[in-house]
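The values are calculated or read from the model by the stated rules, or taken from the named source; none is laboratory data. Only a predicted model underlies this, so the values are computations on that prediction, with no experimental measurement involved. Cβ placement follows ideal geometry from the backbone for every residue including glycine, while neighbour counts extend to all protein chains displayed. Heavy atoms of the whole protein, side chains included, go into the accessibility calculation; ligands, DNA and RNA do not. Shrake-Rupley method; radii C 1.70, N 1.55, O 1.52, S 1.80 Å.
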Amino acid sequence: MLSVSELNAQAKALLETSFSLVEVEGEISKFRIQSTSGHWYFTIKDASAAIDCAMFKFNAARINFIPAVGDKLIVSGKVSLYAPTGAYQIQVSNIRKSGEGELEAAFAALKERLSKEGLFDASHKKQLPKFAQSIAIITSAGSAAQADMLRTAQDRFALCKIDLYNALVQGEGAPASIISVLRAADAKGYDAIVIARGGGSREDLWCFNDEALARAIYATKTPVISAVGHEIDFSISDFVADHRSLTPTAAMIDLLPDICAIFQSLDGVSDALDRLIKDKISSAQNVLSLAALELKSKSIEPKISGSLAKLLNFELKFKSFIDSKLSAAEHTLSTKDELLAQKAKFFEITKDLVQIQKGGKTVALGELAAGDEFALCSQQLSKNAKII
């Protein structure tokens, strides 16, 4: 005769031995995260049955999304039994969304085919500019990625002109939207184009695995940076672009120089030039001093004194020339900084002002009539409206 505990223990051992690794597909009907332990407890079901699942925190920490009721998942783990209650369950070690296997296969197939065609070859990659004067950023208007990129660009090299191109960066219409603005930006002659989007799920970023988009990037005349998702996210656009940045913010760091480093470099060049001039003059003085000693007996000291005077005069003129060049360069940078500050102040003052646009043209408020549809546009946002 068996006790309840003994029966449950034997059933647990039998289940874990017979079903040490299973993959089960189903829809989540219940889900909760235990507040103190962080373990996940949920139920998956199909049309006629359900089973409880437990996923411990150390396994759940490796999953890059939080499941929700209604999600269709494939869970991997072992079948077990919770002895205190006799409840039959799956101890889950991994979760993936149903259909991810097909997505990965499609991604690998497209990547291999485009690679064989040469779209990823390093020989076709265009060099990024050392000092970009104009950049086009293609991303979703008002997104966190856009804000981070503009802030980083302002901090690093505010002299660069940046134009924003609004595009869908998620969903079925995203590839066509990106391709449209990419071609428009490529025709404008920018120094570089950045295609950017913040992090998201595999499905959120799937539009960047579109074949038509890959071919459009490959066909551009302008160097293209792909800055999609996070460091661990890879897409077809990353491979075909001329440069891949780990994040949208990193794209600005990869593309723009640091103005502070430039100023320090100029100071270093100035110091090195001063040292070089002093070394050359010192060397020449030593040569002349030796020559003076050797020729003293020939009474040519007046000639040597005249040469030394000329040399000292040359030193003064040369140093004056160098100082004037450095002063001119510093004045130019200072003037551009002041101009940029004025533009930034104007931008700040006018950021909340709006224009009325109808049919793509700016109109006065008095030109609108009842029933007219129009757009209210600020520097960063656009809202559609209608007069009732």
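Exactly one residue out of A147, A105, A141 is within 30 Å of K78 (Cα to Cα) and either touching a Phe, Trp or Tyr at 6+ places or on another chain (Cβ under 9 Å) or not aromatic (F, W, Y) (or both): that is A105. When the test is whether a residue is farther than 30 Å from K278 by Cβ and not charged (D, E, K, R), A329 does not pass it.
Within the range 1-33, being assigned to a loop (DSSP other than H, G, I, E, B) and either modelled with pLDDT under 80 or loosely packed, with under 12 Cβ neighbours inside 10 Å (or both) holds for M1, L2, S3, S20, L21. Set side by side, the residues I138, I217, I193, I225 differ, and just one is part of a helix (DSSP H, G or I), at pLDDT 95 or above and either aromatic (F, W, Y) or closer than 26 Å to L110 by Cα (or both), which is I217. Scanning the range 354-383 for residues that are under 30 Å from the mean Cα position of the chain (by Cα) and either among the small types (G, A, S) or open to solvent by 100 Å² or more (accessible area, probe 1.4 Å) (or both) yields S378, Q380, L381, S382, K383. Scanning the range 177-197 for residues that are out of contact with any helix residue (DSSP H, G or I) (no Cβ under 8 Å at 6 or more places or on another chain), over 19 Å from T249 (Cα atoms) and open to solvent by 40 Å² or more (accessible area, probe 1.4 Å) yields S180, A184, A187, K188, G189.
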